[in-house]
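Okay, so here's the structure we're looking at.
The values are calculated or read from the model by the stated rules, or taken from the named source; none is laboratory data. Since the structure is predicted, the reported quantities are computational estimates derived from the model, not experimental observations. Cβ placement follows ideal geometry from the backbone for every residue including glycine, while neighbour counts extend to all protein chains displayed.
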Amino acid sequence: MPGATFVVENYLVLAFAVAVTFALAYPVPGRFLVKIVVLGNVHIIQEINMAIVFFISGLALNTSELKKALARESLPTVIFGFVMISFVTPILGFAMREIPLTPPAFAVGLTIFCLVPTTLGIGIALVRSCKGNEAIALLLTVGTNMLGVFLMPPWLRFLFLNYDAGIKLNINIPDLLAKLSITILAPSLIGKAMRELFKPVEEFAKTYRTALSLLSTSNLAFIVWQTLSGARDLLFEQRASMIVSVIVLAAAIHVFYLIINYILIKFAFKPPIKEFVACVVMASQKSAPVAVTVISYVTSDPAQQGLLAIPSIVGQISQIFIGAALAKRIGPYVQKVTKAQEAAAKAAAAAAVPKDAVDAAEQGRAAEAAGADAVAATTGAGALAHGDAALAAADGAAAAVAAVDAPSSGSSSGDYYKGDVPLPGDTEAGLQTALPPPSPQEAKAGAGAGTDTRA
């Protein structure tokens, strides 16, 4: 159904819009829930919502997708994303805390928004809309949020060291580590362990992936609803110009991150287009729900929490709208580039086939020529051997004839044969007996020659 598809694709925007509208129009239910506190400053309903979000993140985490993101060719881009999200982008908080906003809670809220990790489901959805690499988006989301459990408390202490703007913040690093671990780290690990250990759970996560995503988004909207409900009256007391300034500054933070990440990644790494898109998008976003959770740990006053959370909430909404506008342009461009690259790869493969065939044919002809040469050489060697044998036989026959016809030049006995066969006699008479008798014509001619000689 077209209507259902529209709701699913834009559920995050719709859920946040409903949450903000309901909180400002009728804050009583949300205010009641946000005032339920345990252990001094733990807003238990919000913590349950946040734990559900990260439990679903772990449950839906596909190990094979993470392995794709950790491939050797993608590793520089992934490392860059981790460094930018966790170590570089929080530095902008030093500038945000010095902006003279009224009340100062807005500047503090912007500072906290800068130090939190990247968004949870919003960034992945935006990368999908931009046709980017979802595996890298997933890895950056899960990895930086888990790493943020250990990095956010030191960043808070560092950013607000010697800072006094009339706002009392309870920054206790061990306490923050424990609470963030329970709220973020533990649910993620439990969800992932259940997926890996129990096959039905994995099948459930695959089958109801969309439903789980909608449930996670609903819990994020519940957090926003409770936070704004608690600060609704105080929010209406603020000047409209200050509210507009906060909205502009929150959007400007996102745009600044986009520009910086675009320049650095484009000219420093030049990764494939899909990795490029995923890293720029994820390294330029911040998570409002995580910021709200951190805010709930550093102050126990619901009204103060609401003012501190306003920059994060409007920043999250601005990221959604800016991302949606960019996706309309980036998505088709990425598809066009990808198709062009695939076509070039196919053309290169097609061009390589005839070349291989020619090389194979040339190799075949060379092999045939080598075989023919070998056969010719073998035949020539055989013929030469036969020729040598025939020549040796002819030489033997000629030597025999020469031995018979040649007169003796030595002793009186005369060596008529130079072979080893002895003649039957050692005189001329013996020679006559050894030679065959003359024919009648030769005898007659010889007789005539003798008469002429006597005459």
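Quick notes on this structure:
- Scanning region 317-340 for residues that are over 22 Å from the mean Cα position of the chain (by Cα) and surrounded by 14 or more Cβ atoms within 10 Å (Cβ to Cβ) gives Ile317, Ser318, Gln319, Ile320, Ile322, Gly323, Ala324, Leu326, Ala327.
- Failed criterion for Val34 (all others in (1) more than 27 Å from Lys199 (Cβ to Cβ); (2) at pLDDT 90 or above; (3) touching a Pro at 6+ places or on another chain (Cβ under 9 Å) hold): (2)
- Residue tally, condition within 26 Å of Ser218 (Cβ to Cβ), of a type outside the set (D, E, K, R) and in a loop (DSSP other than H, G, I, E, B), over region 25-74: 8
- Meets criteria (in contact with a Leu (Cβ under 6 Å, 6 or more places away or on another chain) and in the same structural domain as Leu39 (by TED's automatic domain parsing)) for Ala231: yes
- Within region 238-335, helices (runs of 4 or more DSSP H) holding 2 or more residues that are without any contact (Cβ under 8 Å) to a residue 60 or more places away in the chain: 240-268
A quick yes/no check of all residues on (1) of a type outside the set (Gly, Ala, Ser); (2) assigned to a helix (DSSP H, G or I); (3) under 25 Å from Val244 (Cβ atoms); (4) at pLDDT below 95:
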site: Pro76; (1), (2), (3), (4): yes, yes, no, yes
site: Thr89; (1), (2), (3), (4): yes, yes, yes, no
site: Cys114; (1), (2), (3), (4): yes, yes, yes, no
site: Ala125; (1), (2), (3), (4): no, yes, no, yes
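- For Leu101, the test of being of a type in the set (A, V, I, L, M, F, W, C), assigned to a loop (DSSP other than H, G, I, E, B) and out of contact with any Lys or Arg (no Cβ under 6 Å at 6 or more places or on another chain) is passed.
Results for (1) more than 30 Å from Pro100 (Cα to Cα); (2) exposed (fewer than 13 other Cβ atoms within 10 Å of the Cβ); (3) not aromatic (Phe, Trp, Tyr), shown as yes or no for each residue.
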| position | (1), (2), (3) |
| --- | --- |
| Ile171 | no, no, yes |
| Pro174 | yes, yes, yes |
| Thr183 | yes, no, yes |
| Arg195 | yes, no, yes |
| Ser213 | yes, no, yes |
| Arg232 | no, no, yes |
| Ser241 | no, yes, yes |
| Val244 | no, yes, yes |
| Ile247 | no, no, yes |
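- The listed residues are Gly143, Gly132, Gly148, and the only one of them that is under 38 Å from the mean Cα position of the chain (by Cα), in a loop (DSSP other than H, G, I, E, B) and under 30 Å from Phe80 (Cβ atoms) turns out to be Gly132.
- Gly230 vs. criteria at positive phi and either of a type outside the set (Val, Ile, Thr) or at pLDDT 90 or above (or both): no
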